[in-house]
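Step one of this worksheet: look at the structure below.
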Amino acid sequence: MFGILDQQFSWLNFTILALAAVALLLVVLLFVMYAIYFERKVIGWMQLRKGPNRTGPWGLFQTVADVLKLLIKEDVVPKKVDRFLFLIAPIISFTPSFMVIAAIPFTENLYFTDINVGLLYYGAISSLSITGILLGGWASNNKYSIMGGMRSVAQMISYEVPLIMSFLGIVLMTGSLNLRDIVHAQIDSGIWFIFPQFIGFVVFLIAGNAELNRTPFDLPEAENELVAGYFVEYSGFRFAFFMLTEYVYTFALSSLMVTLFLGGWDAPFGLTFIPPIVWFALKFLLLVFYLFWARATFPRVKIQQLMEFAWKGLIPVALFNVMLTAVLKTLGIF
Amino acid sequence: MTGQYLAFFIFALMAITGGVFMINLSRVIHMVLSIGLSFFGVAGLFIMLQAEFLAFVQVLIYAGAITIMMAMGTMMTQGGDEGEKPKRRLHNVLSFLSAVLVGAFLLYGIYTTSWPTEPTDLGANNIKEIGVTLFSNFVIPFELASILLLVALVGAIVLAKRDGEKD
């Protein structure tokens with residue numbers, strides 16, 4: 001960022017980088033707070049309700065109040081849990097979700113790392129969160145939480161495969177794993193990858209939705225079967241950490257999708273007078289809206305349907321997409 | 001003190017403490033977590049050696065997948081006997097001796113190999129190099145490894161299926 005990573009290490013540079021990370025964290029937290037508000041409003045309107053409208057003008061302070069409540073609640077640690085794992089699991093789960101954002105280029109100049117394995121970095125680091133979920137479910141010493149944890153792991157591992165395979169078409173087309181190079185390839189060719197890689201995009205949309213544990217794939221926390229899934233025993237700010245993880249992944253995955261398929265900060269139709277960061281934000285919000293829309297309109301699937309859909313539906317389609325891209329690339333069409 | 005030195009120190013510490021805890025902890029699930037820490041530290045060391053691809057594959061396969069496989073395996077199979085282990089003096093002495101022997105052997109190997117003294121510039125595009133090398137010079141080993149993995153996968157499914165039919 002701003003060329004600091006190329007310079008020699010010094011405490012000044014370290015401080016600047018740390019402050020930049022804190023600023024990013026604040027932006028993400030603000031996003032999470034208002035994403036929850038937006039989600040409740042959107043779902044409310046879709047279901048002919050008003051949504052939150054009491055706290056502050058148009059209910060704008062509702063989520064602020066909710067977050068404050070979670071933070072000042074008593075931090076209850078049940079007696080028969082595995083204390084160390086119980087305390088550390090939310091942290092193991094949250095840290096990777098924030099780490100992956102470092103790889104995402106927001107505009108031409110606003111990015112944290114220019115890493116040559118950006119996509120692999122995203123896939124690898126995000127898989128670490130699953131450990132936190134599994135350990136949290138196990139350490140709680142509760143049948144619902146351990147079942148929720150197991151389901152979550154099975155689901156996230158299964159859907160990680162089509163998610164990563166759906167990237168491969170793009171990697172084949174650009175010959176790079178660097179996210180900035182991928183955006184530049186889209187700007188140079190003038191066509192966003194959503195069009196030549198439409199199958200990949202659809203697979204990514206579905207697998208990404210499942211990876212985020214959101215409806216219609218929110219089996220890990222199916223409240224009518226499992227009470228609340230892997231975080232049944234958690235309360236206060238540790239519960240908030242698990243919730244935060246989900247929403248930070250929403251942020252990261254939507255940003256990644258913008259970068260990969262929607263041309264990143266590229267302005268369509270030559271509308272370059274609107275700054276690139278605004279374009280990025282608009283595309284990003286569109287994808288976030290899609291997630292809320294899906295939540296408001298789809299019923300939850302059953303566990304065997306979920307697994308069959310991943311292994312018999314999405315993975316063959318993603319593989320076919322990789323094959324097709326390779327063939328078209330060899331023929332010289334891409 | 002450079003940043004590289006600092007990072008090396010942190011990652012090496014992670015790798016070593018992970019390993020030591022793995023051996024000394026008594027509950028299997030804690031061991032799994034500490035070996036995960038160790039894998040992560042090793043991945044950090046790979047990054048410092050400019051092997052980013054290897055590093056993140058290490059995170060993906062070892063710190064992510066293998067740790068979870070082990071954790072799930074122990075959760076499914078745990079018998080609950082986590083009591084005091086019987087103390088076996090001869091066993092301890094023998095394992096210490098064999099550890100010293102292996103260590104000495106490795107050190108001997110490290111000291112007698114002639115390492116290239118000039119650092120090779122791996123460049124920013126080392127993933128591409130890995131890909132090209134893998135698919136030109138090492139195609140047959142690569143394909144053989146993939147067949148091995150496929151056989152293991154099919155074997156696992158067959159075993160799981162047979163187990164289910166008995167019920």
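Every number here is computed from the coordinates shown, using simple stated rules; none is lab data. Keep in mind that what you see is a predicted model, and the values were worked out from it rather than measured. Heads up, the Cβs are rebuilt from the backbone with ideal geometry, glycines too, and the neighbour counts pull from every protein chain shown.
Cross-link check: pairs A:K50/A:K302; A:K79/A:K143; A:K283/B:K128; A:K283/A:K329 evaluated at a Cα-Cα cut-off of 20 Å; pairs beyond the cut-off: A:K50/A:K302; A:K283/B:K128; A:K283/A:K329. Legend: P(r) of region A:72-139 from all alpha carbon pair distances, 5 Å bins from 0, whole percents, reading 3, 16, 19, 16, 14, 11, 9, 7, 4, 1, 0. Its Cα centre serving as origin, region B:124-167 has a Cβ charge dipole (Lys and Arg +1, Asp and Glu -1) of approximately 20 debye. For chain A, a simple Cβ point-charge model (Lys and Arg +1, Asp and Glu -1, everything else neutral) yields a dipole of about 920 debye relative to the Cα centre. With only the Cα atoms considered, region A:172-284 has a convex hull volume of 131 Å³ per residue. Here's the picture: charge each Lys and Arg Cβ at +1 and each Asp and Glu Cβ at -1 in the protein assembly as shown, and of A:L253, A:A267, B:S136 the one pushed furthest to the positive end of that dipole is A:L253.
Counting only Cβ charges, +1 for Lys and Arg and -1 for Asp and Glu, the dipole size of chain B around its Cα centre is about 560 debye.
Look at the stretch A:143-153: the mean tally of other chain Cβ atoms within 10 Å of its residues' Cβ atoms is 1. Highest GNM mean-square fluctuation among A:P275, A:P96, A:P216, for chain A modelled with Cα contacts below 10 Å: A:P275. Answer rounded, prolate or oblate for region A:1-149, using the Cα gyration tensor with square roots of eigenvalues a ≥ b ≥ c: rounded when a/c is under 1.5, else prolate when a/b is larger than b/c, else oblate. Oblate, because a/c is 1.5 or more while a/b does not exceed b/c. When the P(r) of chain B is calculated, the portion above 25 Å amounts to 57% of the C-alpha pairs.
Evaluated at q = 0.11, 0.17, 0.18, 0.28 Å⁻¹, a Debye calculation over the C-alpha positions of region A:1-72 (equal weights, vacuum) places log10 I(q)/I(0) at -0.46, -0.71, -0.74, -1.20. Pairs of C-alpha atoms in region B:124-167 farther apart than 14 Å represent 65 percent of all such pairs. Of the residues B:M48, B:M72, B:M22, which exhibits the maximal mean-square fluctuation in a Gaussian network model of chain B defined by a 10 Å Cα contact cut-off? Result: B:M72 has the largest fluctuation of those listed. Within 10 Å of the Cβ of each residue in A:132-139, the mean number of Cβ atoms contributed by other protein chains is 3. Can you tell me how the protein assembly as shown classifies by the Cα gyration tensor, rounded, prolate or oblate, using a/c under 1.5 as the rounded cut? Since a/c stays below 1.5, the shape of the protein assembly as shown is classed as rounded. Shape analysis of region B:1-78 yields a ratio of the Cα radius of gyration to the Kirkwood radius, Rg/Rh, of 1.05. Counting, for every residue in B:50-56, the Cβ atoms of other protein chains within 10 Å of its Cβ and taking the mean gives 4. Note on A:I187 and A:L60: the model spin-label points, each 7 Å out from Cα along the C-beta direction, lie 3.4 nm apart. Sequence-distant contacts, meaning Cα pairs under 8 Å at least 6 residues apart, place the relative contact order of chain A at 23 percent.
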